[in-house]
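Report on the structure given below.
The values are calculated or read from the model by the stated rules, or taken from the named source; none is laboratory data. Keep in mind that this is a model prediction, so the values were computed, not measured. Here the Cβ is made from the backbone with ideal geometry for all residues, glycine too, and neighbour counts use every protein chain on show.
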Amino acid sequence: MDKIIKRIIQGIGCLVLVITLYTIWDNHRFVVVEQEIIIDLLPEELDEFRILQVSDLHEKQFGKNQKRLVTAINSIDYDAIVFTGDMLDESESTNYDRFYSLIEGIDNKDNAFYVAGNTDPANYHVEQKVEKSPFISGMEARGVELLESIQGLTAGEGTVYLVNFELSVLKTPQYATNVQGILQPEYVNDENYQLYQAARWQELSVLDQRKEADVMVALNHYPIPDIRVDHIQANPHLTWRDYDLIMAGHYHGGQIRVPLVGALFVPEPWYEPNGIFPPQDRVKGLWEYKGTKQYVSTGLGSSGALSFSKFRLFNPPEINLVRLKTAANIE
């Protein structure tokens, strides 16, 4: 009996060692995940329009000066590159170098845009006037633009509009201070900031002349769970636009995933109880609800309340290449 117990203990120890070594290796690699997304009435000029998504870096490093990550990105053909938040590890961090090294190494930044995550520094510095924060100014100097409201990328007769999701759902900009489910900056009630945001909100009026051939892709750090979609559609102060696609991050794919089970937790206040055992078809990848497609990246980094818990399990880091397709051209 003692020999059997000893062998069981040795077997468990070997299994733990193998899983530990695998996890270390798995956390230091990344994969490129490709996803075709069918867009109704997509014009021929926009067929195969490619958006590369980089999300949730959390100050992680993939080689000196992000060499491995830069090499992979520069080997991909894309029309736009988007950074969907949490490039830094906490909002007070000044460790910008790992993100800056990444964007400095990227060759194609013709259409490069960023939306902030909950662990990123504030977008603005607000006193007598609204100015972009040092983090954002440094990022833009290196070729990545803060997506404040809307950007149109035109190809032939069609345009892909990239929009800031949280701004786009406001029926009036005055309601921005009352939006549920997202963290708000400290300056959200500042009059100068509100006037600034009202001007950004007005820029969205270009969507009033949106043509049938135009595509609207909303960028957000936070995924939009079904319950929040319902809330926005029912709220008289908010509006649900005709989004063709929403791209987000934040969940890390659950970060800790168990084979045959999936994600044990995602940081989602709209789920009860507290994001534990979330719906597995709403954790990562592509889903559709009420006619709106949403694509959520598991991202590159990890987070944790305790340093020893800051790792991913059975969940390799990823960057994502989304290809817009017409139904007629799907193989």
Considering each of Glu90, Glu59 in turn, give the residue that is part of a loop (DSSP other than H, G, I, E, B), out of contact with any Leu (no Cβ under 9 Å at 6 or more places or on another chain) and either free of Cβ contacts under 8 Å to residues at least 24 places away in the same chain or under 23 Å from Tyr251 (Cβ atoms) (or both). Glu90
Check off (1) part of a helix (DSSP H, G or I); (2) of a type in the set (Asp, Glu); (3) farther than 19 Å from Asn320 by Cα for Asp26 and give me the number that stays unchecked. (3)
Count - residues of segment 31-53 that are in contact with a helix residue (DSSP H, G or I) (Cβ under 7 Å, 6 or more places away or on another chain) and farther than 18 Å from Asp77 by Cβ: 1
Here's a check for you: in segment 1-44, which residue that is farther than 14 Å from Gly301 by Cα and of a type in the set (Ser, Thr, Tyr) is surrounded by the fewest Cβ atoms within 10 Å (Cβ to Cβ)? Thr20
Residue by residue through segment 45-62, note down the ones that are crowded, with 20+ Cβ neighbours inside 10 Å and either modelled with pLDDT under 95 or within 28 Å of Asp214 (Cα to Cα) (or both). Leu46, Phe49, Ile51, Leu52, Gln53, Val54, Ser55
Phe113: passes all of (1) out of contact with any Asp or Glu (no Cβ under 6 Å at 6 or more places or on another chain); (2) of a type outside the set (Asp, Glu); (3) more than 21 Å from Arg312 (Cα to Cα) but (1)
Give the residues of segment 269-301 that are in a loop (DSSP other than H, G, I, E, B), among the hydroxyl-bearing types (Ser, Thr, Tyr) and modelled with pLDDT of 95 or more, sorted by residue number. Ser297, Thr298
Within segment 63-74, can one find any residue that is buried (at least 16 other Cβ atoms within 10 Å of the Cβ), closer than 26 Å to Glu148 by Cα and out of contact with any helix residue (DSSP H, G or I) (no Cβ under 9 Å at 6 or more places or on another chain)? no
Out of segment 98-128, which residues are crowded, with 20+ Cβ neighbours inside 10 Å, in a loop (DSSP other than H, G, I, E, B) and of a type in the set (D, E, K, R)? Asp120
Criterion: acidic (Asp, Glu), surrounded by 16 or more Cβ atoms within 10 Å (Cβ to Cβ) and either without any contact (Cβ under 8 Å) to a residue 60 or more places away in the chain or part of a loop (DSSP other than H, G, I, E, B) (or both) - qualifying residue of Glu140, Glu131, Glu148: Glu148
Identify all residues within segment 165-196 that are surrounded by 13 or more Cβ atoms within 10 Å (Cβ to Cβ), farther than 23 Å from Val217 by Cβ and β-branched (Val, Ile, Thr); write none if there are none. Val188
Conditions first: (1) free of Cβ contacts under 8 Å to residues at least 40 places away in the same chain; (2) not in a loop (DSSP other than H, G, I, E, B). Gly253 passes all but one, so which condition is the exception? (1)
